[in-house]
Every structure is written in structure tokens, then in C-alpha cells.
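**Student:** First, the structure itself, so that you have it in front of you.
None of the figures in this text is laboratory data; all of them are computed from the coordinates on show. Just so it is clear, the structure is predicted and the values come from calculations on it, not from any experiment. In this analysis, Cβ positions are derived from the backbone assuming ideal geometry, glycine residues included, and neighbour counts consider all displayed protein chains.
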């Protein structure tokens, strides 16, 4: 047992490796590979922050929502105790938001009776705001704003943009697709997802346009004070409520400020370039064709599903690339990248056998996924060594490149001994392993990793990475990575990509039992809606309609996203009867949703069809 005077594990590591180096290593992230934090986040809360960043070109800071809609203590005497009498509470509720809206008699003159007030509160909860933990009721803390309109960007929920784990920043950088520069620039080259600083830019941005009815920017300023809503434009009640809440805030949040905070949006794109390109093209084609013509209550869920599928594909494709890098030290080019293969339960867990096979496929993913934190740490260790090696040419330029492929390949050469500086890097890592093992033994802390550090049969960089992950508590690292995956999958949510349930299994001791989570990939109805409508439009210029058979649709799911329906994914052998049953489930669901038509059983005659008209088709109608 270590004495109380002994140093903590992190302090020991800092003394051996240096405080600055440990600051870079003691994390789960590595932005050249994946520019987001691998922790839990709410995917549904991402879009308002994305709107803000497209408009402002900066990361979102503090706004006025809590200040405006939080109640003062005298209004809640007997219910809440606060430190200072009269100070505003930082926990707005549906009830407090309703009260504030009703203070404007011009907007809501007929809603002051109890029944009408409750109706207005329920409308806010149904269309605009969400309570903490998805709870119902008008007295729960409000935690999320729904992206019903561009003006949702004026509402700073969640209160700290850091809670979104850099997902909005990554999406903006991915969509803008700026070729050069460390940060995203307002005056950068124009694209279908350019930043907006004037009214004309709104029409040119495929993502902002469907959510900006009545929005006008007075002048050419990137100051959010210039945003105005045209009262003559008719909008739905869901959009109007969001606009009124924003107008009461009087202005959008300020740009992010604070110690160690970066206000600019980093121009970093995921290492999985092919998956990122698929996501960008999916959003471009879908929003261009349907953004202004889908009913609002259909557009938002389908867009949410599109982002969930895209982020999941990026994350899992990145894992596949990291495993390839571990073996070869190289990242395959975009045309050689492939998605992670998963078996999908098309019965939505109604068929127990299909659910079991899908859970086995996901279990295989999670077992291999546990290795990712060590690979990421290995890259961070190599990065810390390589960035200060003067003999490595163009190191700074490679690290700053928005696409990290060349830099990761250079680190792979160092790791596999193909670079001139490989011996120096591995010699330094070997010394650090020895010094760290000696110091841990001397302090009687973390001695369980000394065997890892002293193993001469393993690459010293890998030994150091493995030991550091163990010292950081491997279980916590794996939990954070699993939470990040669950967040991308929108686990157990109506528009998500996967489901999770608790199962009970026998423990090691006789009679003992333990519970664990079983996950399986699914295709929700909303996801099917998005995928069918997306692939009924061409990716080529003009985004014209195209024909798509059921068989072609299954091939698209495999090649683009690694989702297997009627074939076994790599490493699995699934009986043909189960595969046929899964295929029939999907076919039946598509028919029930009105997305599949066929005059007979011939596969070539089973054609997918849209439920909604696209922009050009709507104009013709």
C-alpha cells in the first residue's frame, strides 16, 4: 500500500515525461485523426451550434437564455433556496419560458388563462425545447433547443459548447471543405456550404437555407445584431416560438472567450476521408433536393438520422484505418478505404434470432474497438517525439494540414522503423519506459504496468502507450469511447442507428449473475426514409432523379456504410435462411412505408419510390 506522502501516478508521469508532454498525452483525443472529443454528447443538440458557427465563423460562447428566462428568487419563495435574494436562477423551465413569452401581449394576447398557458407550454416542449434527461413536465430544467429555425442559434443550450465535444466544429469544417489554412475563414472560397455574412449567402448555403425563412441580415457584418426576422413572412408555430424566444434574448451569444479557449473553428477534417466525403455529399444532395419541400416535422428527424449515420460511418471507418496503420504504418488512400461491416437487424428486435446475430456483430466490433485508445495514445506519443525532431522535414506543415493523412503516414514510418529518425525516436521511448518503470516501483504506485514497460519483445513506443492508457484507467477510457460511439449511433433514440438492452449472464462464481449491455444495429423508419430519398437523387450535377431497385439499394448500404442485410459481413458466417428472413423484413417495412413498389416477385421489378416530391418535381406539379 502506498503511503499518503507518495506522489500520484500522474505526478510521477509528469516528472518523467514533462508536464507539457503529459498535457498532450493525458487525453482521449488526437485531432489529426478525428477532430472531436471521444466522450458522450447529445447529437440532437448539435445543429443550433452549427447554425451559429456558419453565421459567425467562430465558436459559440455565452448567451442570454438563462439570464432572460431564469426566474428571480421572490417568484419562487418556498420552492427554491438560492444564495442571494433576487438573483436569477440558471435553470429555466418550460413554465418560466412561457411566463416570459406571455409578458409580450402583442405576441400572445390570448394565452393568459390556465388552459391556454398550458397549451403554449406544451407547444414549446413539443416543438422547440427539451427537458433535461428527456423528461416531461413544465417544471423540469430545459437543456436543449431544437433546430426548428436558424434563430435557435441565439439560444445557448447546452450552456457550454464544450459539452458538444467539438462535433459542431468538425461538421462545419467538413462541410465548408476549406483546402488550406489552420482555421475556417469567412472570406474563404465559396461552396454549397459557405459561411454566411450577408443575406445573399443564405440562399447559397444548402444547410442554412431550409431553416432561414424570414431571416435577413442588415448590411455585410458578421455581427449577430444584424440578424432580423421579417414579420410579413409566414412560418409554422414551431418556428415562430423559436423566433420569439430568440428575440427576447435580443442578440445571439458572443464568440467563445476564456482562458485556454480557442474562438476560431479549427480547419480539421477526419482521417476517414471517404466516409467524410459520403456524409458531405449525402447532406448536399438531400438538402438541395428536399430541404425546402419536406414537411418540417419530417425534415428534422431525417436530417438527424443522416448526421447520425454519417458520424457513425466516420468513427467506425477511422477505427478500421487505425487498425491498418497499426499493421502497416500507412493510411489507405480514399479510393482504398472501406467502411466497417455490421449486420443490421431489420426486424427492429422483433425477431429474436436476427437480434442475436446483430448483437454478435456489434460485440465483435466492441472487442476490437477496445484497442483504439492504445493506438491513439501511440500516435500521440509519436507526435510528441516527432514534432521537435529538427531532422524531420516539413513537420510543422504536415501537422497543420487539414487532412492528417501525410502526417499519420510519417508517424507510421517512425513506428515501423522506415524513417531515418526511427532509431532516435524508439531509443527515447525505450529510455522513458525504463525511467518510468523505475520511478513507479520506487514510489510503489502503478506497479502493475511495470511488466508492460520492461517487455523488450514489444516496440517501446507501443509499450509506453499501453502503459499510459493503463495508468489513466483503461476501463474509464473504454467507457468514454463507448459513450462516444453510442452518441454517434443515437442509441435507443427514435431516429438512431442502434439499440441497446441489458442482459443477464452467469458470473464466475456458482449462482452469481452479472448484467451487461447488448447492442445491435438497426434501421429505423426515419433512417430508411432518408436513405431512400437520398439515393433516388443523382450525386452528379443537377441532382436529377434516378431509378433505384431494391437490390441496388442493398448494395449501396454495403458499399457506402458497411450495413449488411442479406449477406454475411466479414468474419461472420450467417445461415442463408436468417439472411433471407432479414431481407424480407426490410422489404415488408419499405412497402409499409410506401417506399417500395413492385408488380411481381421479380427482383428487377422491385423499385424504390419517394414519398415526398423534390424541388424540381414540386415546381412541375
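**Student:** Output the peptides 248-255, 590-597 sorted from most to least packed, where packing is the average of other Cβ atoms within 10 Å over each peptide's residues.
**Tutor:** Highest mean packing first, the order is 248-255, 590-597.
**Student:** Peptides 145-151, 276-282, 316-322: what's the order by average Cβ count within 10 Å, highest mean first?
**Tutor:** 145-151, 316-322, 276-282
**Student:** What ranking of 450, 346 emerges when the number of other C-beta atoms within 10 Å of each C-beta is taken as an exposure proxy, fewest first?
**Tutor:** Lowest count first: 450, 346.
**Student:** What order do you get for 124-135, 228-239 when each peptide is scored by the mean count of other beta carbon atoms within 10 Å, highest first? Please report the intermediate quantities before stating the final value.
**Tutor:** Numbers: 124-135: 17.8, 228-239: 13.8.
Per-residue mean Cβ counts within 10 Å order the peptides as 124-135, 228-239.
**Student:** Express the Stokes-Einstein translational diffusion coefficient of segment 244-310 in µm² s⁻¹, to the nearest whole number, given a Kirkwood radius over alpha-carbon pairs, 20 °C and a viscosity of 1.002 mPa s.
**Tutor:** It comes out at roughly 140 µm²/s.
**Student:** Report the gain in length on full extension from residue 409 to residue 615: 0.36 nm times residue separation, minus Cα-Cα distance, nm rounded to one decimal.
**Tutor:** Gain on extension, residue 409 to residue 615, equals 69.8 nm.
**Student:** Give me the mean projected area, in nm² to one decimal, of the convex hull enclosing the Cα positions of segment 189-283.
**Tutor:** That works out to 8.5 nm², a quarter of the Cα hull's surface.
**Student:** Related question: R0 = 25 Å: FRET efficiency of residue 552 with residue 573, Cβ-based, nearest 0.05?
**Tutor:** Calculated value: 0.50.
**Student:** Could you work out the percent of alpha carbon pairs in segment 273-377 separated by over 24 Å, rounded to a whole number?
**Tutor:** In whole percent, the share of Cα-Cα pairs in segment 273-377 beyond 24 Å is 42.
**Student:** What relative contact order, as a whole-number percentage, does the chain give when Cα pairs under 8 Å and 6 or more residues apart are counted? It would help to have the intermediate numbers written out before the result.
**Tutor:** Values: 1018 pairs, mean separation 104.9, N = 621.
Averaging sequence separation for qualifying contacts and normalising by length gives 17 percent for the chain.
**Student:** Under the 0.36 nm per residue contour assumption, what length would be gained going from the current alpha-carbon distance of residue 422 and residue 514 to full extension?
**Tutor:** Taking 0.36 nm per residue and subtracting the Cα distance, the gain is 28.5 nm.
**Student:** Checking a compactness column here: for segment 160-214, what do you get for Rg(Cα) / (2.2 N^0.38 Å), N being the number of residues?
**Tutor:** 1.20
**Student:** What is the order of 340, 462, fewest Cβ neighbours within 10 Å to most?
**Tutor:** 462, 340
**Student:** Let me ask something additional. Given points 7 Å out from each Cα along the Cα-Cβ axis, report the residue 442 to residue 350 separation in nanometres with one decimal.
**Tutor:** Modelled inter-label distance: 6.7 nm.
**Student:** Evaluate E = 1/(1 + (r/R0)^6) for residue 257 and residue 538, where r is the Cβ-Cβ distance and R0 equals 56 Å; express this FRET efficiency to the nearest 0.05.
**Tutor:** E between residue 257 and residue 538, to the nearest 0.05, is 0.80.
**Student:** Right, something else. With each pseudo-label sitting 7 Å past Cα toward Cβ, what's the residue 559-residue 104 distance in nm, one decimal?
**Tutor:** Between residue 559 and residue 104, the simple spin-label model gives 5.1 nm.
**Student:** Tell me the label-point distance for the pair residue 91, residue 480, using the 7 Å Cα-to-Cβ offset, in nm and rounded to one decimal.
**Tutor:** 2.8
**Student:** Restricting to Cα pairs below 8 Å that are 6+ residues apart, what does the relative contact order work out to for segment 101-193? Please round to a whole percent.
**Tutor:** This gives 13 percent for segment 101-193.
**Student:** Which of 345, 227, 99 has the fewest other C-beta atoms within 10 Å, and how do the rest follow up to the most? Can you show the working numbers first?
**Tutor:** Values: 345 28, 227 21, 99 15.
Lowest to highest Cβ neighbour count: 99, 227, 345.
**Student:** Please work out the Kirkwood hydrodynamic radius for segment 336-399, using every pair of different C-alpha atoms, and report it in angstroms with one decimal place.
**Tutor:** Details: mean 1/r = 0.0652 Å⁻¹.
Computed over Cα pairs of segment 336-399, the Kirkwood hydrodynamic radius comes out at 15.3 Å.
**Student:** In percent, what relative contact order does segment 43-266 have, based on Cα pairs under 8 Å that are 6 or more apart in sequence?
**Tutor:** Rounded, it is 30 percent for segment 43-266.
**Student:** How big is D, in µm² s⁻¹, for segment 43-266 by Stokes-Einstein at 25 °C and 0.890 mPa s if Rh is the Kirkwood radius over C-alpha pairs?
**Tutor:** Roughly 134 µm²/s, to the nearest whole number.
**Student:** Could you list the residues of segment 554-576 with an amide nitrogen less than 20 Å from a label point located 7 Å from the Cα of residue 367 in the Cα-to-C-beta direction?
**Tutor:** Only 564, 568-575 fall inside the zone, counting backbone N under 20 Å.
**Student:** Computed from the coordinates I sent, Kirkwood radius over Cα pairs in Å equals one of [x] 33.0; [y] 26.8; [z] 31.3. Tell me the label.
**Tutor:** Checked against the structure: label [y].
**Student:** Taking every eigenvalue of the Cα gyration tensor of segment 417-538, multiplying by 5 and rooting it, what semi-axes result, largest first, whole Å?
**Tutor:** 42, 26, 11
**Student:** Assuming R0 = 60 Å, what is the FRET efficiency of residue 388 and residue 200, from their Cβ-Cβ distance, to the nearest 0.05?
**Tutor:** Efficiency, rounded to the nearest 0.05: 0.80.
**Student:** Could you calculate the contour length gain from residue 27 to residue 15, that is, 0.36 nm times the residue separation minus the distance between their Cα atoms, to one decimal place in nm?
**Tutor:** Residue separation times 0.36 nm, minus the Cα-Cα distance, leaves 2.6 nm.
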